[in-house]
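Undergrad: Input: one structure, supplied below.
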Amino acid sequence: MVIDFPFLWESFTTLLNGVPLTLQLTALSVVTGAVLAVLLALMRVSNRWWLDLPAQAYIFVFRGTPLLVQIYIIYYGLSQFPELRHSILWPFLRQAYWCAALALALNTAAYSAEIIRGGLLSVPAGQIEAARATGMSGFLLMRRIIFPQALRQMLPGYSNEIILMVKSTALASTVTLMEVTGIAAKLISQSYRPIEVFICAGAIYLAINFIVVRAFAALEYALSPERRPAPASTADQPEKARA
Amino acid sequence: MPDPAKTPAVQLSNIRKSYGEHEVLHGVSLTANEGDVISILGSSGSGKSTLLRCINMLEVPNAGSVSIHGEAITLDQKPGQPPRARDMRQVNRLRAKAAMVFQSFNLWSHLTILENLIEAPVYVLKRDRKEAIAEAEALLARVGIAEKRHAYPAHLSGGQQQRAAIARALAMHPSVMLFDEPTSALDPELVGEVLKVMRDLAAEGRTMLIVTHEMGFARDVSTRTVFLHNGVIEEEGAPAEVFENPRSDRFRQFISRDH
């Protein structure tokens with residue numbers, strides 16, 4: 001086949017209009033999902049069965065069912081409950097945008113919770129014990145000793161999750177949202193030229209995820225000074241000489 | 001009000017500790033007075049580390065009582081339930097007074113050496129950050145690693161890490177220091193530098209309880225030696241006495257085997 005370059009360019013510029021919505025859906029679901037994920041992870045490591053069990057059940061359900069099914073259930077299913085239609089949430093949940101964002105957030109929360117739990121468990125027990133032995137406990141111990149180390153540990157896994165989330169927003173097109181993939185589907189139905197349109201759509205997702213990957217690499221570097229080679233202690237020499 | 005000079009720094013009475021069905025301490029009593037340097041000896045599995053860890057509630061005894069400077073730690077010891085301290089605020093307050101040095105150093109790996117030293121003084125004791133830093137730098141100079149203050153623990157040798165950990169303990173202004181096999185994870189050539197720091201602390205008159213395998217150190221530095229075997233104290237006394245004339249056969253075997 002012959003690729004029609006003017007059409008390719010036209011598709012590309014048209015698809016770019018969907019980028020803000022793709023990014024919005026990603027950001028909204030990742031941020032709210034992360035808050036929920038922290039709660040779920042803390043419930044998982046709480047050593048209290050009545051907190052652990054509900055979190056386990058939640059994670060099992062949301063990891064064990066397809067995201068597409070979750071989006072459909074929220075978008076088509078919630079409207080079947082009259083109680084919900086009369087609640088204050090209805091102005092939100094009647095809109096495809098909020099349904100898709102909610103499904104994406106609930107889904108990423110389940111995966112992220114397990115990534116965070118892995119990070120929390122990776123903190124050496126001896127270091128936690130050393131902190132306890134100085135009189136630290138509870139939130140202070142979490143904030144000062146456990147979480148900073150867990151965060152570094154979970155970054156590689158979490159960057160994976162964000163990349164998956166960027167791509168998962170494509171499923172929002174199934175509930176009428178005109179993000180990148182939604183616009184692509186519309187263009188194809190008008191032009192019958194799937195190759196050019198999907199090449200452009202793929203390139204756009206690739207570009208977004210390139211930025212995500214670089215951002216996480218930079219973050220990982222910034223947060224892991226202890227893993228870099230020891231700084232030359234020359235900086236200390238003049239001071240030492242003075243003293 | 002008891003005379004503070006006569007109140008024991010640490011008093012353990014009839015401590016029992018079990019893991020499941022297995023009892024590792026069968027009622028151990030031990031008193032450390034101000035300025036005592038007590039070395040706790042024993043082969044592995046004798047319960048010596050468990051005993052030390054009962055002092056700051058890293059292990060909660062199933063029976064018996066622990067007092068630090070006359071203040072008894074309130075414990076819930078109900079049969080059939082895991083023992084626990086009733087008031088974590090009390091435990092945290094007493095833990096801040098009884099600093100611990102661990103076999104595997106346990107420096108916080110995401111913090112520099114200086115940050116390791118000021119962490120608990122600033123966030124637990126709420127000391128002024130600038131003062132904490134000034135004091136930490138003096139302590140690092142004292143243990144001979146001032147030039148490492150901005151390095152991370154992973155960049156230090158084992159001996160340097162343990163000296164940093166001792167400095168971290170000192171930064172708490174502890175009234176008792178607990179050492180859990182402080183030299184056991186070190187290469188032989190690095191043991192000396194850590195023992196030297198500990199000798200200096202003992203010479204200052206600090207109250208120290210030291211679980212150790214270093215016989216020479218126990219003999220020369222401690223004011224009292226305790227030998228634990230199978231969860232009971234087999235031998236106890238001044239080192240000059242017990243090393244010369246051990247009353248217990250097991251302790252005689254133990255010191256002849258380890259020299």
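Undergrad: Before we move on, is B:Leu30 in contact with a Pro (Cβ under 9 Å, 6 or more places away or on another chain), assigned to a strand (DSSP E or B) and of a type outside the set (Asp, Glu)?
TA: no
Undergrad: Now, a different point. Please go through segment B:147-186 and give me each residue that is out of contact with any Pro (no Cβ under 9 Å at 6 or more places or on another chain), over 25 Å from A:Ser224 (Cβ atoms) and among the hydrophobic types (A, V, I, L, M, F, W, C), ordered by number.
TA: Within segment B:147-186, B:Ala169, B:Leu170, B:Val176, B:Met177, B:Leu178, B:Phe179, B:Leu186 meet the criteria.
Undergrad: Could you pull out the residue among B:His173, B:His155 that is within 12 Å of another protein chain (Cβ to nearest Cβ) and over 22 Å from the mean Cα position of the chain (by Cα)?
TA: B:His155
Undergrad: If you take just the helices (runs of 4 or more DSSP H) that sit entirely in segment A:136-227, which of them hold at least 2 residues that are of a type outside the set (D, E, K, R), within 14 Å of another protein chain (Cβ to nearest Cβ) and closer than 30 Å to B:Leu58 by Cβ?
TA: Because the criterion is at least 2 residues that are of a type outside the set (D, E, K, R), within 14 Å of another protein chain (Cβ to nearest Cβ) and closer than 30 Å to B:Leu58 by Cβ, the helices (runs of 4 or more DSSP H) in segment A:136-227 that meet it are A:138-141, A:147-168.
Undergrad: For segment B:171-180, enumerate the residues that are within 15 Å of B:Lys196 (Cα to Cα) and surrounded by fewer than 24 Cβ atoms within 10 Å (Cβ to Cβ).
TA: none
Undergrad: Sticking with this one: Failed condition for A:Leu42, given (1) farther than 19 Å from A:Lys167 by Cβ; (2) loosely packed, with under 15 Cβ neighbours inside 10 Å; (3) among the aliphatic types (A, V, I, L, M), with all others met?
TA: (2)
Undergrad: Within segment A:52-88, track down each residue that is in a loop (DSSP other than H, G, I, E, B) and farther than 24 Å from A:Gly182 by Cβ.
TA: If the condition is that a residue be in a loop (DSSP other than H, G, I, E, B) and farther than 24 Å from A:Gly182 by Cβ, then A:Phe81, A:His86, A:Ser87, A:Ile88 are the ones that fit.
Undergrad: So is B:Ala96 under 26 Å from A:Val123 (Cα atoms), more than 9 Å from chain A (Cβ to nearest Cβ) and among the small types (Gly, Ala, Ser) or not?
TA: no
Undergrad: Provide a single number: the residues in segment B:137-153 that are closer than 20 Å to A:Gln149 by Cβ and touching a residue at least 40 places away in the same chain (Cβ under 8 Å).
TA: 2
Undergrad: Does segment B:100-117 hold any residues that are surrounded by 19 or more Cβ atoms within 10 Å (Cβ to Cβ), more than 7 Å from chain A (Cβ to nearest Cβ) and within 19 Å of B:Val176 (Cα to Cα), and which are they?
TA: Hits for segment B:100-117 are B:Val101, B:Phe105, B:Leu117.
Bear in mind that the values in this text are calculations on the coordinates, not laboratory data. What you are looking at is a predicted structure, and each value in this text was computed from that prediction instead of being measured. Note: ideal-geometry Cβ built from the backbone for every residue, glycine included; neighbour counts use all protein chains shown.
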